[in-house]
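Structure first, then comments.
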Amino acid sequence: MRPLDDTGAAKRQDSGLPLMDIRTPSSRQEPAAAEVVETPGPGGCWQCPSSPCGSRAQQEAEKKAPCPGLGLFYTLLSAFLFSVGSLFVKKVQDIHAVEISAFRCVFQMLIIIPCIIYRKTGFIGPKGQRIYLLLRGVLGSNAMILLYYAYQLTSLADATVISFSCPVFTSIIACIFLKEKYSPWDALFTAFTITGVILIVRPPFLFGSEVVEADKDYSVHVKGALVALAHAVLAAMTLVILRKIGTSVDYILSIWYYVIFGLIECVIVLSILGEWRLPHCGLDRLFLILIGMFGLGGQMFLAKALQIEKAGPVALMRTMDVVFAFIFQIIFFNDMPSWWTVGGSLCVIASNTGAAIRKWCQSTK
């Protein structure tokens, strides 16, 4: 065994004396104990005598430390990709929302399969988590279909804002099934979100029949708003399931279940409805490809952001989805949102912002 200090051995070798082990039999029998008792000098240890451990650990920490704000940048990029994908869904009006979801699943599957093979996660998952992965896939795919349908029925801004009521439903469902605490603050944020949704939907029993008469497409708008609200509920259930799974399952495998069960469901529904057809316009076909690519990119950047950044700042930055939706609606559809939509958006954003700040403050205590 190589001693900790070779200075003496080097001197004996230079003087022509043979190298001999002059330790006593007792020390020869327990060398490990002698090494454990020996304490390192200042700034060093027995593993690295030539360089201080502190400096080496500090260098490694500096190499591994992410760039400040990188997680927030990933979140912003994720919000942009999701918003652009939603814009393309709104642009493709001649194709059923279920078929759009099916094309997205197909293109995402072509990317997910090599990722699973490379990461060696398997295609089934841990035995105790398969039922949760199954539920995640079914609920997540239904939420995706409903969101796309809402984009086709109502304005881009209205559907996006209502879909952001998801955190409120997540808190309620997590309180019921995961026994998480539901505080008065959560009730306040829920009230803000409900107020925002009411301002966007503008039900006649609260706002009068003049609202219905002024908007000739009001019935379609209400239908789209209710579909977006159903998406928010299913998305909240999906998030609760993902909380239940935790880190025991690779996020790529979670996306795989979402993609494969989404495709199976879309094929069955399209076969029943008889709506399966390829778009005639080449631009629409390109949009379908980009919807799948941007959707997958948004999911991956969001997952990366949550790995290196706290959930509170990520949730705050996610509200940029609403900002992008307003910008895209004005630029690409020449549709100026009403003041009701603006007021409802502010209520929903205030609710999400308050919930994110509260969780952020709790995590830093």
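The values are calculated or read from the model by the stated rules, or taken from the named source; none is laboratory data. If you're wondering where the values come from, they're calculated on a predicted model, not measured in any experiment. No Cβ is skipped: glycine too gets one built from the backbone with ideal geometry, and neighbour counts run over all protein chains shown. Accessible surface is based on the protein model in full, side chains and every heavy atom, while ligands, DNA and RNA are left aside. Shrake-Rupley method; radii C 1.70, N 1.55, O 1.52, S 1.80 Å.
So residue 286 fits all but one of (1) open to solvent by 60 Å² or more (accessible area, probe 1.4 Å); (2) of a type in the set (A, V, I, L, M, F, W, C); (3) within 13 Å of residue 81 (Cα to Cα); what number is the exception?
The single condition residue 286 does not satisfy is (3).
Looking at 298, 292, which is the one that is in contact (Cβ under 8 Å) with a residue 24 or more places away in the chain, open to solvent by less than 20 Å² (accessible area, probe 1.4 Å), farther than 21 Å from residue 73 by Cα and assigned to a helix (DSSP H, G or I)? Give the steps one after another, and end with the answer.
On the way: 298 fails: farther than 21 Å from residue 73 by Cα.
None of the others qualify; the one that does is 292.
From the set of residues in region 305-357 that are among the aromatic types (Phe, Trp, Tyr) and touching a residue at least 24 places away in the same chain (Cβ under 8 Å), which is most open to solvent (accessible area, probe 1.4 Å)?
First pass over region 305-357, keeping only residues among the aromatic types (Phe, Trp, Tyr): 324, 326, 328, 332-333, 339-340.
Among the residues that remain, those that are also touching a residue at least 24 places away in the same chain (Cβ under 8 Å) are: 324, 326, 328, 332-333, 340.
Details: 324: 33, 326: 37, 328: 22, 332: 99, 333: 68, 340: 117 Å².
So, considering only residues that are among the aromatic types (Phe, Trp, Tyr) and touching a residue at least 24 places away in the same chain (Cβ under 8 Å), the one most open to solvent (accessible area, probe 1.4 Å) is 340.
Please state which one of 81, 87 is touching a Phe, Trp or Tyr at 6+ places or on another chain (Cβ under 9 Å), modelled with pLDDT of 85 or more and farther than 19 Å from residue 283 by Cβ. Spell out the reasoning first.
Working: 87 fails: farther than 19 Å from residue 283 by Cβ.
Criteria check complete, one pass: 81.
Is it the case that some residue within region 71-85 is among the hydrophobic types (A, V, I, L, M, F, W, C) and within 25 Å of residue 272 (Cα to Cα)?
No, region 71-85 contains no residue that is among the hydrophobic types (A, V, I, L, M, F, W, C) and within 25 Å of residue 272 (Cα to Cα).
Quick test of your reading of the structure: residue 317 fulfils all but one of (1) over 18 Å from residue 73 (Cα atoms); (2) assigned to a helix (DSSP H, G or I); (3) not aromatic (Phe, Trp, Tyr). Name the failing condition by number.
(1)
Could you list, in sequence order, all residues of region 136-150 that are open to solvent by less than 60 Å² (accessible area, probe 1.4 Å) and of a type in the set (Phe, Trp, Tyr)? Steps first, please.
Taking region 136-150 and keeping what is open to solvent by less than 60 Å² (accessible area, probe 1.4 Å), we get 136-148, 150.
Across region 136-150, the qualifying residue is only 148.
What number of residues in region 89-112 are touching a residue at least 40 places away in the same chain (Cβ under 8 Å) and either of a type in the set (D, E, K, R) or open to solvent by 20 Å² or more (accessible area, probe 1.4 Å) (or both)? Walk me through how you get there before you give the answer.
Within region 89-112, the first condition is being touching a residue at least 40 places away in the same chain (Cβ under 8 Å), and the residues that meet it are 89-109, 111-112.
Narrowing the set further to residues that are either of a type in the set (D, E, K, R) or open to solvent by 20 Å² or more (accessible area, probe 1.4 Å) (or both) leaves 90-91, 93-94, 96, 99, 103-104, 106-107, 109, 111.
Count: 12.
Identify the residue in region 248-277 that is touching a helix residue (DSSP H, G or I) at 6+ places or on another chain (Cβ under 7 Å) and outside any helix (DSSP H, G or I) and, among all such residues, is surrounded by the most Cβ atoms within 10 Å (Cβ to Cβ).
Among those that are touching a helix residue (DSSP H, G or I) at 6+ places or on another chain (Cβ under 7 Å) and outside any helix (DSSP H, G or I), it is 249.
Can you find, within region 113-135, the residue that is most open to solvent (accessible area, probe 1.4 Å) among those that are part of a loop (DSSP other than H, G, I, E, B) and not polar (S, T, N, Q)? I'd like the intermediate steps shown before the answer.
Just the residues of region 113-135 that are part of a loop (DSSP other than H, G, I, E, B), to begin with: 120-126.
Add one more test, that the residue is not polar (S, T, N, Q), and what stays is 120, 122-126.
Numbers: 120: 176, 122: 33, 123: 86, 124: 97, 125: 18, 126: 54 Å².
Per the criteria, the residue is 120.
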